[in-house]
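To keep things clear, I will list the structure first and then write my remarks on it.
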Amino acid sequence: MVSPKNALECFVGAWGFLNSTLVNTTTGELLPDWHSPPSGMSLWTPNGYNALIVTANDTTEPDKRPMELTQPASPSDSDSRWALVGKYSIAGGGPFHLSNVTDGSRKDREGPAGTVTGTFLTATLPSRIGPYTFTFKFYDHCKVWNLRQRVGDDKLRVAWYYKLPDIYNYG
């Protein structure tokens with residue numbers, strides 16, 4: 001094990017989604033996920049917090065993204081249209097902790113790998129409030145990372161993220 005400092009430095013910033021799949025670990029079958037490819041981002045802070053928002057993709061699944069809705073909701077808005085927003089969106093945030101961190105192979109441009117444990121203190125879906133755990137591995141000099149998370153007894157979520165460019169640098 002190594003210090004989680006390098007892994008934290010890789011995580012800090014904003015990340016966009018590349019891909020997300022759900023796999024049956026018994027059969028190897030790809031399972032239908034709630035939407036694919038997802039749209040959204042995750043944010044990681046240097047003081048140990050993260051936030052995540054995932055939605056159906058505006059381009060590939062516009063029927064799941066009612067563009068006419070605005071906030072505050074209008075009394076004339078259809079509940080069924082708002083239900084689409086809730087059904088195909090998830091957001092959460094809270095503290096996280098890195099453990100079991102290893103260095104990557106410099107010859108393969110791999111970065112740190114390890115485990116993230118955390119707690120969503122707030123989430124759009126109440127059942128997501130609470131603890132979570134997943135493994136991670138960075139690639140391409142910390143410009144891409146992979147998440148692997150057990151979902152039930154025989155399912156594995158595999159997601160890929162890419163680093164979004166820094167907009168401001170106050171350093």
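Using only the Cα atoms of the stretch 77-128, build the gyration tensor, take square roots of its eigenvalues as a ≥ b ≥ c, and label the shape rounded, prolate or oblate: rounded if a/c is under 1.5, else prolate if a/b is larger than b/c, else oblate.
Numbers: a/c = 6.20, a/b = 2.40, b/c = 2.58.
Note, shape of the stretch 77-128 comes out oblate.
For the stretch 55-159, rounded, prolate or oblate, judged on the Cα gyration tensor with a ≥ b ≥ c (square roots of eigenvalues), a/c < 1.5 rounded, else prolate if a/b > b/c?
Numbers: a/c = 2.81, a/b = 2.01, b/c = 1.40.
Prolate is the answer for the stretch 55-159, as a/c is 1.5 or above and a/b outweighs b/c.
Shape call for the stretch 108-171 from the C-alpha gyration tensor, a ≥ b ≥ c root eigenvalues: rounded (a/c under 1.5), prolate (a/b greater than b/c) or oblate? Please list the in-between numbers first.
Values: a/c = 2.52, a/b = 1.36, b/c = 1.86.
Since a/c reaches 1.5 but b/c is at least a/b, the shape of the stretch 108-171 is classed as oblate.
Sticking with the crude label model, points 7 Å out along Cα→Cβ, report the distance from residue 76 to residue 150 in nm, one decimal please.
5.2
Work out how much length residue 69 to residue 168 would gain on full extension: take 0.36 nm times their residue separation and subtract the Cα-Cα distance, in nm to one decimal.
32.5 nm
Quick check: net charge around residue 24, other residues with Cβ under 9 Å of its Cβ, Lys/Arg +1 and Asp/Glu -1? Numbers along the way, then the final one.
Numbers: positive: 155; negative: 29, 154.
It works out to a net charge of -1.
Taking the Cα centre as origin and putting +1 on Lys and Arg beta-carbons and -1 on Asp and Glu beta-carbons, what dipole magnitude results for the chain, to the nearest 20 debye? Could the numbers behind the result be given before it?
Working: 16 positive and 16 negative charges, 89 e Å.
Computed about the Cα centre, the dipole is about 420 debye.
Got a sec? Charge dipole of the chain, +1 on Cβ for Lys and Arg, -1 for Asp and Glu; which of 54, 91, 119 is way out at the positive end?
Among 54, 91, 119, the one farthest towards the positive end of the dipole of the chain is 119.
Explain nothing, just the number: relative contact order of the stretch 80-171, from Cα pairs under 8 Å at least 6 residues apart, as a whole percent.
Working: 161 pairs, mean separation 18.2, N = 92.
Once normalised by length, the contact order is 20 percent.
On the accessible surface of the stretch 16-171, probed at 1.4 Å, how many percent belong to carbon and sulfur atoms?
Details: 5320 of 9490 Å².
About 56 percent, which is the carbon plus sulfur part of the accessible surface.
Taking a probe of 1.4 Å, how large is the accessible area per residue of the stretch 98-171, in Å²?
On the way: 4720 Å² over 74 residues.
That works out to 64 Å² for each residue.
Quick check for the chain: number of Lys pairs with alpha-carbon distance under 29 Å, counting only pairs 8 or more apart or on different chains?
Lysine pairs, 8 or more places apart or on different chains, close enough: 17.
Enumerate the whole-percent occupancy of each 5 Å bin, from 0 to the last occupied one, for all C-alpha pair distances of the stretch 1-134.
2, 9, 14, 17, 18, 16, 12, 6, 4, 2, 1, 0
Counting each DSSP H run of 4 or more residues in the chain as -39500 (n - 2.57), what helix-only mean residue ellipticity at 222 nm follows after dividing by all residues, to the nearest 500 deg cm²/dmol?
On the way: 2 runs with 16 residues, N = 171.
Helix contribution divided over all residues of the chain: -2500 deg cm²/dmol.
The values are calculated or read from the model by the stated rules, or taken from the named source; none is laboratory data. The shown structure was predicted, so the numbers you read here are calculated from the model rather than taken from an experiment. Note that we place each Cβ from the backbone using ideal geometry, even for glycine, and neighbour counts take in every protein chain shown. What goes into the accessible areas is simple: the full protein's heavy atoms, side chains included, and nothing from ligands, DNA or RNA. Shrake-Rupley method; radii C 1.70, N 1.55, O 1.52, S 1.80 Å.
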